[in-house]
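K.L.:
I have a structure here, written as structure tokens, and I will follow up with some questions on it.
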Amino acid sequence: MEIGNGNGTRGFLSATAIEIGVSIALVIAMVLASTAAYSLSPAYVPPRRTAVSTGMLHSAAIKADHSLWLWGDNRYGQIGDGTEEDRSMPVKVLEDVASVAIRACISAALQTDGSLWVWGLNHFGQLGDGTDENKHSPVKIMDSVALVSPGGTHTLAVKKDGTLWAWGQNDAGQLASAAEPPASISPMKIMMM
């Protein structure tokens, strides 16, 4: 093949130059063909499942693998590691956790199977385990729970069937019950939601 070199002289394109040109063209064609099967726009990446909650002096976080970690003040066992030692670094407490709610010196977690676990301060029966003794490790309270909200002295839970349950101190009617004694150390069904 005869080509010009731009200065008025004529020359021949070598076979090597042609092979290089063909090779470049083939590479470009292959790149274009391969990218046609892929999107150049960002792909959807599911968010990492995480949650946090804070109590008076302790904190909790659920990692993407559904493990629950707590740290901070532990004088009533609210960290849930079986001790009353304060923790300045996160401590793994439970697995398969869907949500966590902590308040004051109480910790509550819902596992992915709907079971409710609580621990910490229990002077008014606010853990709902049938006692008024503090718990230093998670204690299972009930199954099929959709929501939980611990207060300072009482706790509310909504089960998956839509029923509202309450337990703990009732001195101001916070359990929606006039029954004596003015506290319930076990969950009481309050109403349908």
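K.L.:
Filter the stretch 93-135 down to the residues that are without any contact (Cβ under 8 Å) to a residue 40 or more places away in the chain and in a strand (DSSP E or B), then identify the one that is surrounded by the fewest Cβ atoms within 10 Å (Cβ to Cβ).
P.N.:
A98
K.L.:
State whether the residues of the stretch 158-171 include one that is assigned to a strand (DSSP E or B), closer than 16 Å to K189 by Cβ and basic (K, R).
P.N.:
Yes, the stretch 158-171 contains a residue that is assigned to a strand (DSSP E or B), closer than 16 Å to K189 by Cβ and basic (K, R).
K.L.:
Filter the stretch 172-193 down to the residues that are touching a Ser or Thr at 6+ places or on another chain (Cβ under 8 Å) and in a loop (DSSP other than H, G, I, E, B), then identify the one that is farthest from G120 (Cα to Cα).
P.N.:
This residue is M193.
No value in this document is a laboratory result; all are computed from the given coordinates. Just so it is clear, the structure is predicted and the values come from calculations on it, not from any experiment. Every residue, glycine among them, receives a Cβ derived from its backbone with ideal geometry; neighbour counts consider all protein chains shown.
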